[in-house]
1. Residue by residue through region A:136-154, note down the ones that are within 14 Å of chain B (Cβ to nearest Cβ) and open to solvent by 10 Å² or more (accessible area, probe 1.4 Å).
2. Against the condition open to solvent by 60 Å² or more (accessible area, probe 1.4 Å), touching a Phe, Trp or Tyr at 6+ places or on another chain (Cβ under 8 Å) and part of a helix (DSSP H, G or I), how does residue B:31 come out, does it pass?
3. Got at least one residue in region A:108-127 being facing chain B (nearest Cβ under 9 Å), assigned to a helix (DSSP H, G or I), at pLDDT 95 or above and surrounded by 18 or more Cβ atoms within 10 Å (Cβ to Cβ)?
4. Please go through (1) closer than 19 Å to residue B:122 by Cβ; (2) touching a Gly at 6+ places or on another chain (Cβ under 9 Å); (3) open to solvent by less than 50 Å² (accessible area, probe 1.4 Å); (4) more than 11 Å from chain B (Cβ to nearest Cβ) for residue A:83 and return the number of the only condition it doesn't satisfy.
5. Just the residues that are among the small types (Gly, Ala, Ser) and within 24 Å of the chain's Cα centre (by Cα), please, taken from region A:81-124.
6. Under 6 Å between Cβ atoms, which residue pairs at least 6 apart in sequence (or on different chains) link something in region B:87-98 that is in a helix (DSSP H, G or I) with a partner that is buried (at least 22 other Cβ atoms within 10 Å of the Cβ) and of a type in the set (Phe, Trp, Tyr)?
7. From the residues in region B:111-120 that are surrounded by fewer than 22 Cβ atoms within 10 Å (Cβ to Cβ) and assigned to a helix (DSSP H, G or I), which one is farthest from the other protein chains (Cβ to nearest Cβ)?
8. For the subset of region B:133-164 comprising residues that are within 10 Å of another protein chain (Cβ to nearest Cβ) and without any contact (Cβ under 8 Å) to a residue 24 or more places away in the chain, which member is least open to solvent (accessible area, probe 1.4 Å)?
Amino acid sequence: MELMEAPGMGQGTAEPRAQAPQIEIRNLRKVYPAAMGEVVALDDLSLTIEKGDIYGIIGMSGAGKSTLIRCLNRLDTPSDGQVFIDGRNILAMNHDELRQTRRRMAMIFQQFNLLMQKTVARNVRYPMEIAGIPKKKANERVTELLRLVGLEEKANAYPSQLSGGQRQRVAIARALASDPEMLLCDEATSALDPMTTQSILELLLNINHTLGITVVLITHEMAVIRQICNKVAILDGGKLAEKGTVDEVFRHTKSAAGKRLFGILPDQEDARPTEPALRIVFDGASVERPIISRMVKECGVEVNILSADMRQLNHKAYGQMLLALPEDDEDRKRMTDYLKALNLTVEEVYPE
Amino acid sequence: MTWSQLGPLLWQGTVETVYMTLWASVVSYLLGLPLGVLLVITRKNHIMPHPTFNAVLGVAVNFLRSIPFIIMLAILFPVTRAVMGTAIGTTSVIFPLVISAFPYIARMVESSLEDVDHGVIEAAVSMGSTNAQIVFKVLLPEAVPSLLNGAAISITTILSYTALASAAGGGGLGALAIVKGLNIRNFEVMYTASLLLVALVQIITVSGTRMMRGLDHKRR
């Protein structure tokens with residue numbers, strides 16, 4: 001495959017090459033100079049993100065995920081490796097090409113980063129202003145975008161008059177103003193409360209479905225990945241620990257980093273669970289009913305919940321729960337069978 | 001001295017002070033504003049990183065800033081004569097005023113601009129802005145309230161410099177207070193002229209603060 005083809009002259013109209021994935025990261029490495037030698041933020045990382053994906057990148061803080069997403073639009077310059085956007089190496093681009101490419105890959109941030117001295121409408125208009133789109137056309141698009149994110153009435157408000165969730169909606173409208181093909185989300189929900197997080201995630205999902213925009217999001221919350229991503233990459237100490245479809249990775253977690261994030265392994269090595277547990281995965285397929293309390297009644301077992309990380313989205317349960325494994329083999333079998341009959345993924349996990 | 005004699009003197013002094021302050025401020029900002037922008041954007045992690053240039057510029061600005069105005073007035077005497085035609089008089093004093101004030105203003109502007117949230121600049125970069133677009137559409141507009149506050153302080157400083165203009169034959173309220181007040185022990189003139197200076201400073205400071213509050217949409 002010829003990857004270093006001549007730069008396309010058209011801006012957003014250049015036909016994306018059939019074979020080239022939307023984003024391809026090859027052997028990415030980022031090293032920061034530090035007092036004691038150097039810090040390796042990303043180490044030989046390769047990932048492929050296809051058009052239409054909602055690709056989640058998750059890791060503990062310091063895993064390098066923020067550096068990774070910032071390398072995608074060259075806010076950070078990698079020390080080594082390549083980033084291909086539609087088959088073109090972003091690291092080999094000159095300033096003009098880079099600017100044009102950046103307009104096709106909008107970004108939203110944890111701290112929203114809105115222009116505080118400009119109204120909501122002016123914020124959303126900014127990307128069109130810098131692209132030289134006529135004012136009248138731009139203003140029509142602003143109204144359209146504010147309707148899409150549900151903030152029509154706030155057009156003349158200033159960001160300081162809005163709540164965090166509303167600010168992120170403005171940021172999303174602004175990001176969409178340049179008609180991007182990709183949306184990079186740098187911990188976009190981390191500064192928001194759970195309720196607001198839900199509404200922003202639903203908005204992102206909606207944007208992906210209706211506009212076909214590829215979404216790359218980084219987060220430290222497994223629930224976020226679980227709810228809207230179709231693919232996930234787990235980072236651990238700058239290295240790729242695991243990647244795949246969310247279903248695959250969630251049901252059959254292989255890496256230690258993944259297990260820690262799912263709560264199967266404790267965050268800290270010295271806080272290992274002292275008892276074996278039963279891990280139940282809720283993937284949204286199961287209907288809303290009190291599963292645990294029915295299991296207790298129908299199987300005649302006592303249940304001790306060790307941990308639970310659950311979210312509701314569209315009246316469906318997502319997440320997982322760890323139950324203390326009953327000592328009695330019969331009880332164990334009854335519980336497992338009962339849960340499996342409900343099409344839940346169940347597995348026994350043991351302390352290391 | 002009666003009020004009928006003092007009145008026109010005070011009026012003339014006020015006009016001259018405003019004249020010197022205004023022109024010196026305008027010209028100083030024409031030089032200091034771009035310089036302040038450069039001091040910020042050529043920093044290591046900013047949009048036009050150029051650490052060597054930034055360091056040299058910083059040293060030059062500090063050098064000019066550290067010379068007291070009255071010494072600057074003396075040093076610049078021949079230059080002022082070459083630039084303004086004469087080194088004496090109210091208009092001529094504007095030149096040394098500018099040379100003293102613009103490095104100070106550059107630092108004031110720099111400090112206003114560095115308060116702009118770096119995340120906002122980064123967002124503008126991620127949207128594909130050119131450096132010029134970032135300066136004129138993001139950096140400066142976001143800093144407007146702080147720049148206005150800085151302007152009020154800078155103009156007040158320039159106003160206080162004008163009081164020393166009498167050393168080069170400049171006019172204004174300061175010269176009036178010194179030459180026709182202090183020097184000939186006419187305390188009536190000294191105090192009235194000084195009070196008028198105080199009033200001018202108050203007007204500038206209060207209107208600066210008002211404008212800053214009125215235009216700031218961040219702290220609401």
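The values are calculated or read from the model by the stated rules, or taken from the named source; none is laboratory data. Because the structure is predicted, anything quoted here is derived from the model rather than measured. Ideal geometry is used to build each Cβ from the backbone, glycine not excepted, and the neighbour counts take in all protein chains shown. Accessible surface areas use protein heavy atoms only, side chains included; no ligands, DNA or RNA. Shrake-Rupley method; radii C 1.70, N 1.55, O 1.52, S 1.80 Å.
1. A:154
2. Judged against the criteria, residue B:31 is a match.
3. Yes, the conditions are met somewhere in region A:108-127.
4. (2)
5. The answer is A:81, A:87, A:106.
6. Partner pairs satisfying both residue conditions: B:97/B:161.
7. B:111
8. Among them, the one singled out is B:138.
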